[in-house]
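The values are calculated or read from the model by the stated rules, or taken from the named source; none is laboratory data. This is a predicted model, so every value here is computed, not measured. Virtual Cβ from ideal backbone geometry, glycine too; neighbours counted across all protein chains shown.
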Amino acid sequence: MRMSSMENIYDIEDNLLLKTYVKRRIAIVSGNGSEVYDEKGRRFIDLTSAYGVALLGHSNPVIVEAIVNQLKKISSCHGSFYNDARADFLREISYFTSRFFSRILLVNSGAESVDLALKTAFKKTGRSKIVAANRSFHGKTLASLSVTWNPDYKKGLEHVLNNRVVFSEYGNEEDLKNKVDKDTAAIILEPVQGEGGVRIPPEGYLKAAREIASDKGVLLIIDEIQSGMRRTGPFFAFEREGIVPDVAMLAKGVAGGIPIGITLFTEEVSTVGETGFHTSTYGGNPLACAAGAATIRLLREAVTEKDVEERSRKFSNRLEELKGLRIVREVRIRGLMIGVELRIRAKPVVDMLADRGVLALTAGPTVVRFLPALNIPLSLIDEACNVIIETMREYESKLGSSTATG
Ligand SMILES: Cc1ncc(COP(=O)(O)O)c(C=O)c1O
């Protein structure tokens, strides 16, 4: 490899990493709250929070202090030994989880926590069929990919993925009921679909899913990896419908930026948890646990459901202005999961926003998605919304009258 091609961040990543990501040509080298900076010191307002991971802002000082203190003490401790940071984290998170779940398994990523939920369903029921939803996203390991909807992600792997997964129309109770049969081990659903386009199901859908699962003796698995941790207001998004799933998963923002995944079990399904059922070298490591305990304490004491609602309302009020635009089909907001569905492709708009200093995500081909930190300052919401509104207006007028396509 030529040395000249290894001189900057972009060349090094482009030359050495397997090309599995759709790359955006921005190198993020530091962050502070809801602002991030590139290698030249250029500032961006971050409405992505790194796909929901920097839940309470980048380099949150309370979380950083907890991580640094833990690093100085001990950073690794296998799950076969006991550890004080792990116990502290479990005690903290059970403040939110113990109303619903009695057992917890600590792993390293969202996808791993999904694999574990599926293992639980297969083992508990002795069946192998899973009902997932159209446009679902549950991860990309072999098991989690099998319940992820997008066929593009599965190309060349169809022969090794679980071919007993069927997809039901998201939000459609009747269809869900029809897809579940005597071979079904579990229904797996996101309470609000994230990557699928920030889709909010009709009121009562999760309740119906709970009833269908209970009637037919199958497990209800609720994937809270993106929607959990107060992202939509309550700690779990499923709380809105007053249901309790058999298994739920959390990841992303749990440890404020340090990799972690969590699977939660009700008393009844926790009987699958025999020795050796699932272990993982890094699972429950003290570093992630110390970061997680600090994050949860902040959610208990400093960043409440009311704070999320206030920010959600602010976005909602400001983005109201988008509704008059012809390129905008719909604005969907649940807490701080925000999607602007366009009548055109979202990617050029997201790129234009980045050029103007606002980082956003796509969610499918036509949805611009915002997943800001839960404590984003109100002034930054205003600043970002000014840019979003201006950019979409300009984009619309650039496209001229030919944009009203449907
Ligand atoms: C709802 C949902 N489930 C699962 C995953 C997979 O998590 P990870 O990327 O940590 O494997 C994601 C990631 O975006 C997600 O949004």
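Observations on the model:
- Checking each residue of segment 253-260 against the condition of being at pLDDT below 95, closer than 28 Å to Arg313 by Cβ, within 16 Å of the ligand (Cβ to nearest atom) and part of a loop (DSSP other than H, G, I, E, B) gives at least one match.
- Taken over segment 261-298, the criterion of being assigned to a helix (DSSP H, G or I) and either in contact with an Asp or Glu (Cβ under 9 Å, 6 or more places away or on another chain) or charged (D, E, K, R) (or both) is satisfied by Val269, Pro286, Cys289, Ala290, Gly292, Ala293, Ala294, Thr295, Ile296, Arg297.
- Contact map, segment 37-64: residues that are within 16 Å of the ligand (Cβ to nearest atom) paired with residues that are modelled with pLDDT of 95 or more and among the polar types (S, T, N, Q), Cβ distance under 7 Å, separation 6+ or inter-chain. Pairs shown: Gly52/Gln226; Leu55/Ser49; Leu55/Thr295.
- Only residues that are more than 16 Å from the ligand (Cβ to nearest atom) and buried (at least 20 other Cβ atoms within 10 Å of the Cβ) were counted in segment 98-112, giving 1.
- Of the criteria (1) more than 16 Å from the ligand (Cβ to nearest atom); (2) in a helix (DSSP H, G or I), which one Gly156 fails: (2)
- Thr279 vs. criteria free of Cβ contacts under 8 Å to residues at least 40 places away in the same chain and away from the ligand (no atom under 16 Å from the Cβ): no
- Screening Thr232 with (1) on the phi > 0 side of the Ramachandran plot; (2) within 16 Å of the ligand (Cβ to nearest atom) gives one miss only, at (1).
- Residue check, Glu158 surrounded by fewer than 14 Cβ atoms within 10 Å (Cβ to Cβ) and acidic (Asp, Glu): yes
Let's see how each residue does on (1) more than 10 Å from the ligand (Cβ to nearest atom); (2) touching a strand residue (DSSP E or B) at 6+ places or on another chain (Cβ under 6 Å); (3) more than 18 Å from Gly364 (Cβ to Cβ):
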{"residue": "Leu142", "(1), (2), (3)": "yes, no, yes"}
{"residue": "Gly171", "(1), (2), (3)": "yes, no, no"}
{"residue": "Asp183", "(1), (2), (3)": "yes, yes, yes"}
{"residue": "Gln193", "(1), (2), (3)": "no, yes, no"}
{"residue": "Gly197", "(1), (2), (3)": "yes, yes, no"}
